[in-house]
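K.L.:
One structure follows; several queries about it will come next.
The values are calculated or read from the model by the stated rules, or taken from the named source; none is laboratory data. Computed from a predicted structure; not experimentally measured. A quick note on method: Cβ atoms are made from the backbone with ideal geometry, for glycine too, and the neighbour counts reach across all protein chains shown. What goes into the accessible areas is simple: the full protein's heavy atoms, side chains included, and nothing from ligands, DNA or RNA. Shrake-Rupley method; radii C 1.70, N 1.55, O 1.52, S 1.80 Å.
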Amino acid sequence: MAIERTLSIIKPDAVAKNAIGQIVARFEAAGLKVVAARLVQLSRAEAEGFYAVHKERPFFNDLVEFMISGPVFVQVLEGENAIAKNRELMGATNPKEAAPGTIRADFAESIDANAVHGSDAPETAAVEIAYFFAETEIHSR
Ligand code: RTP
Ligand code: MG
């Protein structure tokens with residue numbers, strides 16, 4: 001299986017709950033390595049740019065407001081099948097539908113405040129990683 005990289009964001013709700021460490025521990029326990037990380041307060045323009053694919057969706061403004069409501073923890077995760085593995089660990093977008101034991105089932109409150117983001121495909125992972133990190137800031141090991 002291919003070694004992949006994916007962008008993970010621990011969203012403002014989970015950061016505010018002091019759950020960064022618990023969530024990162026789940027990634028590490030599943031064999032994903034944190035190869036880059038930074039705590040960042042997104043500007044409105046940065047959040048709008050990151051979620052530009054959702055610009056026309058009815059939830060776009062709420063999503064941007066939420067993503068700038070406090071600092072987020074952005075990371076690059078690396079490992080076998082990292083994109084799908086991360087999505088599996090995250091659980092469904094709506095925490096009410098997320099499987100027991102997933103991050104969203106355990107840490108998310110609502111479809112808006114849903115604890116984590118994860119890239120959904122290799123192409124989006126590459127774009128999202130480059131949105132936050134220079135190649136010199138990513139340390140495979
Ligand atoms: P993410 O991009 O954050 O990893 O989440 P996702 O792939 O599971 O969901 P996506 O469809 O990409 O939507 C991005 C984020 O927008 C919010 N959302 N709200 N109110 C709604 O119907 C609705 N749908 C999506 C969620 O916070 C979701 O994570
Ligand atoms: Mg998405």
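K.L.:
Taking the chain as a Gaussian network, where each spring joins two C-alpha atoms under 10 Å apart, which residue of GLU65, GLU123, GLU56 fluctuates the most?
P.N.:
Among GLU65, GLU123, GLU56, the largest mean-square fluctuation in the Gaussian network model of the chain belongs to GLU56.
K.L.:
Given q = 0.17, 0.19 Å⁻¹, what are the Debye log10 I(q)/I(0) values for the chain, with equal point scatterers placed on the Cα positions and solvent ignored?
P.N.:
Once normalised to I(0) and log-transformed, intensities are -0.91, -1.17.
K.L.:
Using a 1.4 Å probe on the protein chains only, how many percent of the accessible area of the chain belongs to carbon and sulfur?
P.N.:
Carbon with sulfur: 54 percent of the solvent-accessible area.
K.L.:
Divide by every residue of the chain the summed helix terms, -39500 (n - 2.57) for each DSSP H run of at least 4, and state the resulting mean residue ellipticity at 222 nm, rounded to the nearest 500 deg cm²/dmol.
P.N.:
-10500 deg cm²/dmol
K.L.:
Then there is this: Measure off 7 Å from each Cα along the Cα-to-Cβ vector at GLU88 and SER110, then give the distance between these two points in nanometres to one decimal.
P.N.:
About 3.2 nm, to one decimal.
K.L.:
Give, rounded to the nearest 20 debye, the magnitude of the charge dipole that the chain has about its Cα centre when Lys and Arg contribute +1 at Cβ and Asp and Glu contribute -1 at Cβ.
P.N.:
280
K.L.:
Express the accessible area of the range 97-141 per residue in Å², computed with a 1.4 Å probe while the remaining protein chains stay in the model.
P.N.:
I get 54 Å² per residue for the range 97-141.
K.L.:
Next question. What FRET efficiency do you get for VAL34 and GLU56 if R0 is 30 Å and r is their Cβ-Cβ distance, rounded to the nearest 0.05?
P.N.:
0.35
K.L.:
Report the calculated FRET efficiency for GLU97 and LYS17 (r = Cβ-Cβ distance, R0 = 35 Å), to the nearest 0.05.
P.N.:
0.95
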